[in-house]
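I am attaching a structure below and will ask some questions about it afterwards.
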Amino acid sequence: MKTKKIIYILLIILCMTTIYLFSNKNSISSNNTSKKLVNSIVTVYESITNQKINRNQITNKLNYPIRKLAHYSVYFILGIFIYKLILLTKYRYKEAITLFLCLIYASLDECHQLYISGRTGQFSDVLIDTLGSLTAITFIYLLNKLRKNNSLKKQNLTK
C-alpha cells in the first residue's frame, strides 16, 4: 500500500512538473510546440491517404483545438493519479477532494501563466482542465462500481 502511494505521488509530481514546464514557455514557443504536433498529424495523414493538404490552413484551423485538447488530456491524467492516490486513503468525499485539488492546480497554473511573456491566464482553460479531471474521476468511479458489481455477482453465483 505504501509503495503504491509513493508511486502515485511521484506520478503526480511528474505530471504537475510537465504542466508547469509547458506553462512556463512563452507564447511563441508554446504556439510552435502546438504547430509541430499539428504538422506531425498532417504528415501521418498525408502518408496514410497519399494526399497532399494545405499545411498552413490545417495548422491554423487545428492549432486552437489541439491546445485545448492538450489541456483536457494532461488534466485527465493528473485526475487519474490524484484520484488513485486519494482512493488509498481513509478520507471521505474522495471524488470531491480529487476534483478540488485538480481545480486548485489548474487555477494556480493559469495564474502562473500571467507572468509568462505573451501568455494569459484564462478561466476557460481552468474549466477545460477541471473537465478533464472530472472525466477521469467519473471514468474510474464507474469502472470501480462495475468491477464491484461483477465481483458481487460472481460471489452470489458461487454460493
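The values are calculated or read from the model by the stated rules, or taken from the named source; none is laboratory data. The model shown is predicted, which means the values in this text are computed figures rather than measured ones. Here Cβ is always computed from backbone atoms with ideal geometry, including for glycine, and neighbour counts include all displayed protein chains.
Just wondering, is there one or more residues in segment 146-153 that are touching a Phe, Trp or Tyr at 6+ places or on another chain (Cβ under 9 Å) and part of a helix (DSSP H, G or I)?
no
Is it the case that residue 66 is touching a residue at least 24 places away in the same chain (Cβ under 8 Å), among the hydrophobic types (A, V, I, L, M, F, W, C) and closer than 21 Å to residue 4 by Cβ?
On the way: touching a residue at least 24 places away in the same chain (Cβ under 8 Å): yes; among the hydrophobic types (A, V, I, L, M, F, W, C): yes; closer than 21 Å to residue 4 by Cβ: no.
For residue 66, the condition - touching a residue at least 24 places away in the same chain (Cβ under 8 Å), among the hydrophobic types (A, V, I, L, M, F, W, C) and closer than 21 Å to residue 4 by Cβ - is not met.
Now, a different point. Any chance segment 68-84 includes a residue that's more than 19 Å from residue 16 (Cβ to Cβ), in a helix (DSSP H, G or I) and of a type in the set (Lys, Arg)?
yes
Residue 104 fails exactly one of the following numbered conditions: (1) among the β-branched types (Val, Ile, Thr); (2) within 21 Å of the chain's Cα centre (by Cα); (3) surrounded by 15 or more Cβ atoms within 10 Å (Cβ to Cβ). What is the number of that condition?
(3)
Right, residue 36: of a type outside the set (Val, Ile, Thr), within 24 Å of residue 132 (Cβ to Cβ) and exposed (fewer than 12 other Cβ atoms within 10 Å of the Cβ) or not? Walk me through it before giving the result.
Numbers: of a type outside the set (Val, Ile, Thr): yes; within 24 Å of residue 132 (Cβ to Cβ): yes; exposed (fewer than 12 other Cβ atoms within 10 Å of the Cβ): yes.
Spelling it out, residue 36 is indeed of a type outside the set (Val, Ile, Thr), within 24 Å of residue 132 (Cβ to Cβ) and exposed (fewer than 12 other Cβ atoms within 10 Å of the Cβ).
Exactly one condition in (1) under 30 Å from residue 36 (Cβ atoms); (2) among the polar types (S, T, N, Q); (3) out of contact with any Ser or Thr (no Cβ under 8 Å at 6 or more places or on another chain); (4) surrounded by fewer than 11 Cβ atoms within 10 Å (Cβ to Cβ) is not met by residue 117; state its number.
(3)
Table: residues versus (1) under 25 Å from residue 28 (Cβ atoms); (2) part of a helix (DSSP H, G or I).
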site	(1), (2)
106	yes, yes
111	yes, yes
121	yes, no
125	yes, yes
128	yes, yes
133	no, yes
136	no, yes
142	no, yes
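In addition: Working carefully through the options 74, 126, find the one that is hydrophobic (A, V, I, L, M, F, W, C), more than 19 Å from residue 4 (Cα to Cα), under 10 Å from the mean Cα position of the chain (by Cα) and modelled with pLDDT of 95 or more.
So the residue among 74, 126 that is hydrophobic (A, V, I, L, M, F, W, C), more than 19 Å from residue 4 (Cα to Cα), under 10 Å from the mean Cα position of the chain (by Cα) and modelled with pLDDT of 95 or more is 74.
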